[in-house]
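See structure below.
The values are calculated or read from the model by the stated rules, or taken from the named source; none is laboratory data. Since the structure is predicted, the reported quantities are computational estimates derived from the model, not experimental observations. Cβ: placed from backbone, ideal geometry, glycine included. Neighbour counts: every protein chain shown.
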Amino acid sequence: MSCFNTLRAASIAALLPMVFAGADWMRFRGPGGVGSSDEQTPATWSGAENIVWKTALPGFGASSPITLGKKIFLTCYSGYGLDENDPGDQENLRMHVTCLDRASGKILWDRRIKARLPEQEYKGTMPLHGYASPTPATDGSQLYVFFGRSGVFAFDLDGKLIWSRSVGSKTHVWGCAASPIVAGDLLIVNASIESESLYALNKATGEVAWRAGRIEDSWSTPALVTLPDGKQELVVSIKHKVLGFVPETGVLRWECGAVPDYVCPMVIAEGDVVYITGGRKPTTVAVRCGGLGDVTAKHLLWTMKGTPKVSSPVYHNGYLYWVNNRAVASCVDAKTGKTVYEERLRISGSGDRVYASAVRAGDNLYFVSREDGTVVLTATPEFKQVAHNHLGDDSTFNATPTVSNGQLLIRSDRFLYCIGE
């Protein structure tokens with residue numbers, strides 16, 4: 001099978017589970033990276049209600065859990081950067097790749113990786129999320145994890161290291177966040193922070209298939225977009241622009257003006273349109289993919305002054321939904337960019353209130369706040385709050401929830417919770 005056909009088949013396979021219940025959540029924000037599932041999950045819970053299990057984790061982290069059959073995979077870090085007042089010695093910093101039993105939450109194995117030093121010091125904004133923020137990805141046979149300057153690692157599903165690859169040595173005061181994605185025979189890694197590069201690595205060997213430079217100020221996870229003719233594009237959001245690459249070769253086909261600042265939210269794709277958000281000057285744009293060269297004049301569909309800044313929106317039935325860092329819930333018409341509603345939620349906390357991305361499960365939208373529980377809204381263009389749930393855990397919640405078999409997996413710095421009836 002050609003590389004193109006492999007990519008196309010992988011894309012179709014990734015999209016099919018989105019309409020079925022019980023799909024594995026094999027990457028950041030699940031099938032297709034859209035953060036959306038038709039599974040119905042509990043709308044209410046507490047520290048004692050609707051908790052199937054709760055597991056203490058071997059370290060802190062902001063990455064999301066992913067699921068594959070009877071296993072859960074996530075990343076953590078330990079040994080340094082657990083207390084802002086006493087961060088410890090970087091020599092003790094270890095990155096963890098952890099596997100848990102899906103049914104019981106029992107830790108099956110925990111692999112530790114010595115960090116490549118020096119890492120960014122644990123001060124300033126680093127304590128907001130720490131050293132394990134990118135979410136792992138799996139293709140069903142191998143597990144892929146990204147730890148910034150410490151590198152990219154591939155494991156088998158029993159925790160045996162297969163290969164590792166450096167994608168740059170730079171650090172940033174905000175740390176690392178973009179998650180790897182699988183594209184056919186390739187693993188795509190946004191190493192904007194480490195080397196201002198976008199890497200495509202051979203999944204089997206870790207060898208560099210191609211590398212694109214000038215990827216500036218981007219903490220954003222890319223997206224694979226299927227065009228009407230069946231061809232695919234790899235779409236990447238960076239400062240000032242959104243870029244469209246040929247995923248097999250890394251050839252840049254087009255670029256379009258976008259957010260005039262750094263970007264954190266991932267690229268949201270619906271059909272051949274992508275929605276790009278981010279920046280301190282709140283900006284969201286809709287861009288039609290395809291074309292050649294600078295397509296700003298023809299493919300920039302609309303621009304609005306609003307953004308979730310850090311977390312990623314969710315698309316559902318023609319609307320975009322998000323809660324921004326100031327705890328304002330928004331619904332935007334995806335066709336026109338017009339705001340349908342803006343409602344301030346009663347979410348307390350210091351600084352940015354929300355880092356986790358929006359997730360839809362069935363009829364509801366779930367928004368996990370950093371310090372004040374999870375707000376549940378209906379997935380409709382009429383604002384309706386269903387619940388505001390608390391787990392009684394005073395640690396930090398940065399991770400995006402995972403939808404799995406009618407349950408939610410929600411991760412804090414210290415625990416992983418399975419929420420279900």
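Overview of values
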read-out	value
Scope segment 26-52; condition farther than 20 Å from Val182 by Cβ and either surrounded by 22 or more Cβ atoms within 10 Å (Cβ to Cβ) or touching a Ser or Thr at 6+ places or on another chain (Cβ under 6 Å) (or both); matching residues	Thr41, Trp45
Tally of residues being over 23 Å from the mean Cα position of the chain (by Cα) and either among the hydroxyl-bearing types (Ser, Thr, Tyr) or surrounded by 24 or more Cβ atoms within 10 Å (Cβ to Cβ) (or both) across segment 223-268	1
Cβ-Cβ under 6 Å pairs, at least 6 apart or on other chains, segment 255-270 side touching a residue at least 12 places away in the same chain (Cβ under 8 Å), far side among the acidic types (Asp, Glu) and in a strand (DSSP E or B)	Glu255/Asp294
Test: residue in segment 13-25 that is surrounded by fewer than 22 Cβ atoms within 10 Å (Cβ to Cβ) and modelled with pLDDT of 95 or more	yes
Of all residues making up segment 397-415, the number that are over 17 Å from the mean Cα position of the chain (by Cα) and closer than 25 Å to Ser78 by Cβ	2
Sole exception among (1) closer than 25 Å to Lys231 by Cβ; (2) modelled with pLDDT under 95; (3) in contact with an Asp or Glu (Cβ under 8 Å, 6 or more places away or on another chain); (4) not aliphatic (A, V, I, L, M) for Gly279, by number	(1)
Set Thr135, Thr98: member being outside any strand (DSSP E or B) and β-branched (Val, Ile, Thr)	Thr135
Options Ser404, Ser350; residue that is out of contact with any His (no Cβ under 8 Å at 6 or more places or on another chain) and crowded, with 16+ Cβ neighbours inside 10 Å	Ser404
Candidates Gly105, Gly81, filtered to the one that is at pLDDT 95 or above and under 30 Å from Thr171 (Cα atoms)	Gly81
Residue that is surrounded by the most Cβ atoms within 10 Å (Cβ to Cβ) [pool: residues in segment 310-335 that are in contact with a Leu (Cβ under 9 Å, 6 or more places away or on another chain) and part of a loop (DSSP other than H, G, I, E, B)]	Pro313
Restricting segment 149-180 to residues that are among the charged types (D, E, K, R) and in contact (Cβ under 8 Å) with a residue 24 or more places away in the chain, the residue that is surrounded by the fewest Cβ atoms within 10 Å (Cβ to Cβ)	Asp158
Close pairs (7 angstrom Cβ cut-off, 6 or more residues apart or separate chains): closer than 15 Å to Leu100 by Cα and in contact (Cβ under 8 Å) with a residue 40 or more places away in the chain in segment 406-419, part of a loop (DSSP other than H, G, I, E, B) and among the aliphatic types (A, V, I, L, M) anywhere	Arg411/Ala399; Arg414/Leu57; Phe415/Leu57; Leu416/Leu57; Tyr417/Leu391
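For every residue, the table says whether it meets (1) hydrophobic (A, V, I, L, M, F, W, C); (2) closer than 19 Å to Ser179 by Cα; (3) buried (at least 16 other Cβ atoms within 10 Å of the Cβ).
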position	(1), (2), (3)
Glu84	no, no, no
Glu91	no, no, no
His96	no, yes, yes
Gly105	no, no, yes
Trp109	yes, no, no
Leu117	yes, no, no
Gln120	no, yes, yes
Thr135	no, yes, yes
Asp139	no, yes, yes
